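Here the structure is laid out as structure tokens; the discussion comes afterwards.
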Amino acid sequence: MNETILHMLRDAPGGFVSGEAMCQACGVSRTSIWKHIKDMQDAGYNIEAVRNKGYRLVDAPDLVTAAEIREGLSTTLLGQSIVYRETIDSTNSLAQQLALGGAPEGTLVIADEQTSGRGRRGRQWFSPPHSGIWMSLILRPELPLAHAAQITLVAAVALNQALSRATGVQAGIKWPNDILFNGKKCCGILTEMHAEFDQIHHLVVGIGINVNVAQDEFPAELEGIATSLQAIRGERIPRAQVVRTVLEEFEPLYRQYVLNGGFGTLRDAWKANNITLGRHIVAHTARGDIEGLALDIDEFGVLLLEKADGEREKIYSADITVINQTIS
Ligand code: BTN
């Protein structure tokens, strides 16, 4: 019901919505409407109540609740079901549980704060309250297992495009899962999978975006390597709008990935959004460090490196360090 009320308040041409109109739309009593208005005020909404006029939304807090995200969302798959928590250990963990319990494809799990946010390779992900987007999507692509990891590259394209469209921030993808601005990380992606033999049961694509984290709020070990959209733009950014844009950018790319059987047709879009190719990098792989020029990415998302001796190496999985920021 809060969603209907919020929608009516946002949509009201003259500003005010009568209590009667809300009663009719929600099919409940005036007392019940008043109780919901009170709940919304407690949650931070500034709602003015005027006798004989009704209610008017003066100001809304920066929340990532289901009601806020659904407001004007134009997707038909991603985010049709939304699970919001004020605090959670990790949205990826909850999404895994929900997926095992049969949650539909496209379910979005989002939290205001994570107490044990996870990054790649067992690292922690700094996820303070009120200032970031900590979200996970449940996907069930009917694709061979070999294509599963490519979803991270697809999500990275969606994320980078969404940042540009929603905030004007022109960042770039560092293969495979980071979005960087001026060499500092503002977003990361953690994909986890539940699969059997050659069948993907579900994927959980976890996305972390540092939105309104002040630069001096990052822990000391992240200060020089992390940044936020607020630090880049010099102003606070409303989070729900960024979430909507991520879902809207991701949906058509995801459909293409499923329809065309993998990353292949999205390779050009990835190249247009990347800041990895053409740079000298060190790939920290399970086989050890490999240094070279990042030459290309293939249709499977594999990175091609040219070493100093001219030999070429395929990098399937690694963390990379860019050692030369200039594109050659
Ligand atoms: C990385 O760059 O190492 C990946 C970071 C992924 C962080 C997100 S925040 C939402 C989701 N839940 C988690 O616990 N992790 C991912």
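The values are calculated or read from the model by the stated rules, or taken from the named source; none is laboratory data. What you see is a predicted model, and the numbers here were worked out from it, not measured in a lab. Cβ placement follows ideal geometry from the backbone for every residue including glycine, while neighbour counts extend to all protein chains displayed. We work out accessible area using only protein heavy atoms, side chains counted, and drop any ligands, DNA or RNA first. Shrake-Rupley method; radii C 1.70, N 1.55, O 1.52, S 1.80 Å.
The table for this structure:
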read-out	value
Helical contribution to [θ] at 222 nm, DSSP H n ≥ 4, -39,500 (n - 2.57), averaged over the chain, rounded to 500	-9000 deg cm²/dmol
Charge context of Arg123, other residues only, Cβ under 11 angstrom, K/R +1, D/E -1	+1
Highest-fluctuation residue, Phe16, Phe197, Phe181 considered, GNM on the chain with Cα pairs under 10 Å	Phe197
Principal semi-axes in Å for segment 279-322 [√(5λ), Cα gyration tensor, largest first]	14, 13, 9
DSSP-loop GluC sites (Glu not before Pro) across segment 158-252, with at most 13 other Cβ within 10 angstrom	Glu235
Using alpha-carbon coordinates, inclination of helix 30-42 to the longest axis of the chain, degrees	40
Folded to 0 to 90 degrees: helix 2-11 orientation relative to the chain principal axis, Cα	90
In sequence order, calculated HN-Hα J values of segment 186-194 (Karplus, 6.51, -1.76, 1.60; Hz; x Gly/Pro)	10, 9, x, 10, 10, 9, 10, 9, 10
HN-Hα J in Hz across segment 256-266 - Karplus 6.51, -1.76, 1.60, θ = phi - 60°, x for Gly and Pro	5, 4, 6, 5, 9, x, x, 7, x, 6, 9
Debye, to nearest 20: dipole size of the chain, +1 on Lys, Arg Cβ, -1 on Asp, Glu Cβ	620
Over the chain: Kirkwood hydrodynamic radius from C-alpha pairwise inverse distances, Å	21.2
Sparse-neighbour loop sites [trypsin sites (Lys or Arg not before Pro); segment 39-74; at most 14 other C-beta within 10 Å; DSSP]	Arg51, Lys53
Surface accessible to a 1.4 Å probe, per residue, for the residues of segment 279-322, Å²	52
Cleavage-rule hits (trypsin sites (Lys or Arg not before Pro)) in segment 113-192: DSSP loop, at most 13 neighbouring Cβ within 10 angstrom	Arg123
Options Gly15, Gln241, Gln170, ranked by Cα towards positive dipole end of the chain, top entry (Cβ charges)	Gly15
For segment 84-92, Karplus couplings with θ = phi - 60° (6.51, -1.76, 1.60), whole Hz, Gly/Pro x	10, 10, 5, 9, 8, 5, 8, 5, 5
Protein accessible area in the chain, 1.4 Å probe - carbon and sulfur %	49
Where segment 1-107 is the region considered: accessible area per residue in Å², 1.4 Å probe	52
